Amino acid sequence: MTQTQTRPTTSPAASQLANALADRLEAGAGALITFAQGLTDAQWKTRTPHDGRTVGVIVHHVGSVYPIEIQLAQTMASGQAVTGVTWDDIHAMNARHAAEFADVTREAAIDLVRTNSTAAAAALRAFTDEQLAQAVTVSLYGDAPLTAQFMLEDHAVRHSYHHLARLRRAVQP
């Protein structure tokens, strides 16, 4: 957050845990944005080891999936199991995204991360402690009973940090 931005106010009943998770999400998104802003054009187009997506595509990818990650956690928080989602589905979604946004601009990717991380943090702050603790089976994890908090931490909160570490390694001389 910049000095001119203020943190959203919360009610006295607001979850301190949800607020802390949202703060971590915002910090990760901010770090990814700062990193992306400092890249050269050549670095932006660098292909990453293992999956071959460019740095720019991955930055855009992080921004593009915040709504999906939040929706999954909200589904779980409402007591509904997550069914029919597999890692093959995730890999196919990522491949489609990479093809569609192969020429994404830095400005578009950063704007998407900024917009969607802000919305994700606001949605995360709306979770109650009871919703965060709600456990349901999740097909993505072999139908293990997992909490909404786990889904948020493993996806929406962690996502920018996970990719930022990989992107830093990809552009190091």
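In the range 1-46, what count of residues is obtained for those that are modelled with pLDDT of 95 or more and either surrounded by fewer than 12 Cβ atoms within 10 Å (Cβ to Cβ) or not acidic (Asp, Glu) (or both)? Spell out how you get there, then give the answer.
Applying the first criterion (modelled with pLDDT of 95 or more) to the range 1-46 yields 16-46.
After this cut, where a residue has to be either surrounded by fewer than 12 Cβ atoms within 10 Å (Cβ to Cβ) or not acidic (Asp, Glu) (or both) as well, the list is 16-22, 24-25, 27-46.
Counting residues in the range 1-46 that are modelled with pLDDT of 95 or more and either surrounded by fewer than 12 Cβ atoms within 10 Å (Cβ to Cβ) or not acidic (Asp, Glu) (or both) gives 29.
Within the range 74-100, which residues are closer than 18 Å to GLU153 by Cα and charged (D, E, K, R)?
Result: no residue meets the conditions.
Of the residues LEU140, LEU112, LEU152, which single one is under 17 Å from the mean Cα position of the chain (by Cα) and more than 23 Å from ARG53 (Cα to Cα)?
Numbers: LEU140 fails: more than 23 Å from ARG53 (Cα to Cα); LEU112 fails: more than 23 Å from ARG53 (Cα to Cα).
The match here is LEU152.
Scan the range 69-88 for residues that are more than 9 Å from ALA148 (Cβ to Cβ) and in contact with a Ser or Thr (Cβ under 9 Å, 6 or more places away or on another chain) and jot them down.
ALA81, VAL82, THR83, GLY84, VAL85, THR86
Each row is one residue, and each column tells you yes or no for (1) part of a helix (DSSP H, G or I); (2) farther than 22 Å from THR34 by Cα.
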position: MET76; (1), (2): yes, yes
position: HIS91; (1), (2): yes, yes
position: THR118; (1), (2): yes, no
position: LEU124; (1), (2): yes, yes
position: PHE127; (1), (2): no, yes
position: GLU130; (1), (2): yes, yes
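Could you tell me whether the range 84-93 includes any residue that is farther than 23 Å from GLY56 by Cα and surrounded by 15 or more Cβ atoms within 10 Å (Cβ to Cβ)?
yes
The values are calculated or read from the model by the stated rules, or taken from the named source; none is laboratory data. Here the structure is a predicted model, which means the values were calculated and not measured. All Cβ positions, glycine included, derive from the backbone under ideal geometry; neighbour counts span all protein chains shown.
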